[in-house]
1. What's the number of the only condition in (1) closer than 25 Å to L98 by Cβ; (2) at pLDDT 90 or above; (3) surrounded by fewer than 10 Cβ atoms within 10 Å (Cβ to Cβ) that L57 fails to meet?
2. Pairs, please: C-beta under 6 Å, at least 6 apart or cross-chain, first residue more than 12 Å from G92 (Cα to Cα) and in segment 7-22, second of a type in the set (A, V, I, L, M) and in a strand (DSSP E or B)?
3. If E50 meets every condition in (1) surrounded by 10 or more Cβ atoms within 10 Å (Cβ to Cβ); (2) more than 30 Å from A121 (Cα to Cα); (3) free of Cβ contacts under 8 Å to residues at least 24 places away in the same chain apart from one, which number is that one?
4. At pLDDT below 85, among the small types (G, A, S) and either more than 15 Å from S34 (Cβ to Cβ) or touching an Asp or Glu at 6+ places or on another chain (Cβ under 9 Å) (or both): is that true of A96 in this structure?
5. Just the residues that are of a type outside the set (F, W, Y) and within 24 Å of G92 (Cβ to Cβ), please, taken from segment 27-68.
6. Just to be sure I understand, how many residues within segment 1-42 are in a loop (DSSP other than H, G, I, E, B) and surrounded by 14 or more Cβ atoms within 10 Å (Cβ to Cβ)?
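The values are calculated or read from the model by the stated rules, or taken from the named source; none is laboratory data. Given the structure is predicted, the values throughout are model-derived calculations rather than measurements. Here the Cβ positions follow ideal geometry from the backbone for every residue, glycine too, while neighbour counts run over all protein chains shown.
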Amino acid sequence: MLQRTSVVNKAKATILSFSSIFEIGDASYFQAMSRALAVQRQKKVFYGIEGSFNDYLIYSEPILLPPIEEEITCHFENLKPIIKVNNVNITGVSAASLLQIGNCRHLYAEVRIKHIRQLDAPKATSTENNMIQLEAPNEIPFDVSNVT
């Protein structure tokens, strides 16, 4: 690991949540994992049995990491091995994230989030006493020959 010194006059992180870390100093290894099941509904209803991670493959499928096959030759020369920063202001760090002032040799972070939106049935509207189903704009039939 490169030997450098990090000098930070002021560091502020407003929100750290869900397996996030604010580390000051060096680390050899960092591993973080976060899983979330986000259910969004039009109505504020909570049943208490919203789901299980086991119900969705996204949480159990292996993540295939491509092999690193290219050879890399590097040469570093730190004439002044000091990183100086006056102010670090972070709004938020979340979901298996790392905010670090220093070095980290190995880092692995994994976040798996399943978003589910449960919307009410499409609404109908009345036009001249007829009920018509509202459709998405891309589903409305369009006849170019009727355009003037």
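1. That leaves (1) as the condition not met.
2. These pairs meet every condition: V8/V85; V8/V88; V8/I101; A11/V88; S19/A32.
3. Unmet for E50, out of (1) surrounded by 10 or more Cβ atoms within 10 Å (Cβ to Cβ); (2) more than 30 Å from A121 (Cα to Cα); (3) free of Cβ contacts under 8 Å to residues at least 24 places away in the same chain: (2).
4. Numbers: at pLDDT below 85: no; among the small types (G, A, S): yes; either more than 15 Å from S34 (Cβ to Cβ) or touching an Asp or Glu at 6+ places or on another chain (Cβ under 9 Å) (or both): yes.
So A96 fails the test.
5. Just the residues of segment 27-68 that are of a type outside the set (F, W, Y), to begin with: 27-28, 31-45, 48-52, 54-55, 57-58, 60-68.
Across segment 27-68, the qualifying residues are A27, Q31, A32, M33, S34, R35, A36, L37, A38, V39, Q40, I58.
6. Here is the first cut: in segment 1-42, the residues in a loop (DSSP other than H, G, I, E, B) are 1-4, 18-20, 25-26, 42.
Subset that is surrounded by 14 or more Cβ atoms within 10 Å (Cβ to Cβ): 4, 18-20, 26.
Looking only at that region, the number is 5.
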